[in-house]
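Take a look at the structure below.
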Amino acid sequence: MEQLPAHQPLLEDDSDEELSEQQIKQLLNEAAERMRAKAASQPFTAPDAPFKLPKLRPGHIADTYEKTEGNIARLDHSKLIDKKQLALANGIKKIDDPIAGKRKRQEVRTVDFPVSCR
């Protein structure tokens, strides 16, 4: 079985041979001449008005959670949590027992119906 090459063969390229210093200088000079000719054909026109930066109007900047005391920056804990949420977290919590609630609902159903209807 014939093995296939891992890579496709490269196309014949004459750039593999090394250039002499004289050839490199000649190529650079030709490129410089082309750039000068292009720059001469497109004259630079100065803008009518000087460039101005747009004025920024940031509006209200959000309150920061940091307060600086000298060289030390610390978080302001009073701003981290909303006052309403803090009051709810510190308040009394009522927890319903799901089993007791189920028993109560069953008792209400049996009491509402007369005995003769069962």
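The values are calculated or read from the model by the stated rules, or taken from the named source; none is laboratory data. Since the model is a prediction, treat every value here as computed from it, not as a measurement. Methodologically, a virtual Cβ is constructed for each residue, glycine included, from the backbone with ideal geometry; neighbour enumeration extends over all protein chains shown. Surface areas here come from the heavy atoms of the whole protein model, side chains and all, with no ligands, DNA or RNA. Shrake-Rupley method; radii C 1.70, N 1.55, O 1.52, S 1.80 Å.
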For region 52-83, how many residues meet the condition of being at pLDDT below 80 and exposed (fewer than 10 other Cβ atoms within 10 Å of the Cβ)?
7
Residue hits (region 88-102; acidic (Asp, Glu) and open to solvent by 100 Å² or more (accessible area, probe 1.4 Å)) are Asp96
